[in-house]
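A short write-up of the structure that comes next.
No lab work stands behind these numbers, since they all come straight from the coordinates. Since this is a predicted model, take the numbers as computed values, not measurements. Cβ: placed from backbone, ideal geometry, glycine included. Neighbour counts: every protein chain shown.
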Amino acid sequence: MKKLYRLFILVIFMLVLAGCDQLVNNEIHNKSYHVDIDISDFNELMPAIIEKVSPAVVGVTRYEGVGLTRKISSTGSGVIYKCIAYLNDNTTVDKCETTINNSNVVKYKYYVITNKHVVKTSNDIEVYLGDDDIDVTATVIARDSKVDLAVITFEYTKYIQPIEFPDNNYDLKRGNIVIAIGHPGYEYYGSATLGIVSYPKRYLSDDTDDDGINDWDAEYIQHDAAINPGNSGGALVNIEGKLVGINTLKLVSTDIDNIGFAIPYTVIQELLPSLEQGIVPNRPVLGLTASEVRQLIRFPKSELETEGFNIPEGLRYGLYITAVQEGIAKRHGIQPHDIIIKINDIEIKTSQVLRAELGKYIIGSGDEAILTVLRNGEEITITIVF
């Protein structure tokens, strides 16, 4: 008989003014939460998810050299997300799961998403299928350095269930349980670690051309599931076993533990149609010079006004435009002294946010972004068409 455990969490907050001899505003806030948790169900759920997802998480091996000098350069992970079945009458079937017992299947073609830094510039790539302990030659279709993604394909005679993406209305939240599955060295093939989403939308700068200078900003999921070298390109899944991100990097320091980052599934899904065709998207650059409001307001107002900055009272964030070059921004009417405060209702607290959000768009797509701008103290909206 399953045991039902009732979890009582008592949270007590005390407000104390440090450095004083007496307690100031001595308020104690008590909140009691009652959560019914069936431990045995949870214990059965985790292995089921891992068993379901693991076959779709493959090893990705990059080689260097030729002939007798050919050797493994590095190993990483990748995730099968799409399958096409080839039949002996020269037709294809997109829903491979319907062909499992079909004797007319000749082979399956699989599409794998991984990190660009896993394959780098090499065309000598193999996929390792741990369940069958076999290496299969793979072909790189596209590499996108800006978001560190690559799409590769391989063919195999056995059916492997591709991973699924969440529904369109899925909302990843801080505290959601996630599982990282990957291959930190093939001796640890299929490693799975459990964690939570520490922050669902974190903006980071990155050096995409390995010249030592950060040249791109992107959005990531921050989580605390343990990841290690070799996990790059591996899956980050939710408790439904659906792909919420591709693990790509972690912070390394003697003072930091378990701060890992994954490329969000929303970014991946936007790019896959182009990458599958071997097309790396051309991304927009607004063409402007700006300063962060949160940095400017550290200076006395009189100094700012002397330098020509006019920041509304109480404004704490945004990008103050100091110059506009020829390009997208000028064509859409953005002017010096405009303050961009939002893009699609996302507050522009740092320049990283604007660059990362713009990086999700593709030139020529016809997609639109809505900028909220303060101009002479009045709030206006500007629609940018890409």
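Once both labels are positioned 7 Å from their Cα atoms along Cα-to-Cβ, the gap between ILE363 and GLU240 label points is 3.7 nm. Computed from label points 7 Å out along Cα-Cβ, the spacing between ASN214 and SER103 is 6.1 nm. Here the spin labels are modelled as points 7 Å beyond Cα on the Cα-Cβ line, and at ASN344 and GLN277 they lie 2.0 nm apart.
Mean projected area of the Cα convex hull of the stretch 134-251, taken over all directions, amounts to 8.7 nm².
In the elastic network of the chain, a GNM with C-alpha springs shorter than 10 Å, the most mobile of GLU326, GLU240, GLU126 is GLU326. Rounded to 0.05, the FRET efficiency of the GLN161 and GLN295 pair, given R0 = 41 Å and the Cβ-Cβ distance, is 0.25.
A cut-off under 10 angstrom between Cβ atoms defines the neighbours of TRP216, and their net charge, with Lys, Arg +1 and Asp, Glu -1, is -3.
What's the extension gain from LYS330 to SER205 if we count 0.36 nm per residue and subtract their Cα-Cα distance?
Net length gain for the segment: 42.5 nm.
Compactness of the chain, taken as the C-alpha radius of gyration over 2.2 N^0.38 Å, stands at 1.18. From the alpha carbon centroid of the stretch 82-126 to that of the stretch 270-322 is 43 Å. The Cβ shell under 10 Å around ARG62 holds other residues with a net charge of -2, Lys and Arg each +1, Asp and Glu each -1. Electrostatic bookkeeping for VAL140 treats Lys and Arg as +1 and Asp and Glu as -1; over the other residues with beta carbon under 15 Å from its beta carbon, the sum is -2.
Fewest-first ordering of LEU236, LEU243 by other beta carbons within 10 Å of each residue's beta carbon gives LEU243, LEU236.
The long axis of helix 265-276 is offset from the longest Cα principal axis of the chain by roughly 60 degrees. Relative contact order for the chain: 11 percent, from Cα pairs under 8 Å spaced at least 6 residues apart, divided by residue count.
Please compute the length gained on full extension between ASN43 and ASP89, using 0.36 nm multiplied by the number of residues separating them and subtracting their Cα-Cα distance.
Details: separation 46, 0.36 × 46 = 16.56 nm, distance 4.60 nm.
Once the chain is fully extended between ASN43 and ASP89, it gains 12.0 nm.
Under a Gaussian network description of the chain, with springs only between Cα atoms under 10 Å, the residue in LEU68, LEU354, LEU204 that fluctuates furthest is LEU68.
Ranked highest first by average number of other Cβ atoms within 10 Å, how do 289-295, 273-279 line up?
Working: 289-295: 16.7, 273-279: 14.3.
Packing order, densest peptide first, comes out as 289-295, 273-279.
Total lysine pairs in the stretch 273-386 at Cα distances under 20 Å, for residues eight or more apart or on different chains: 4. Computed extension gain for TYR317 through ASP132, at 0.36 nm per residue and net of the alpha carbon distance, reaches 61.2 nm. A Förster radius of 41 Å, combined with the Cβ-Cβ distance separating GLU305 from ASN169, puts the computed FRET efficiency at roughly 0.30.
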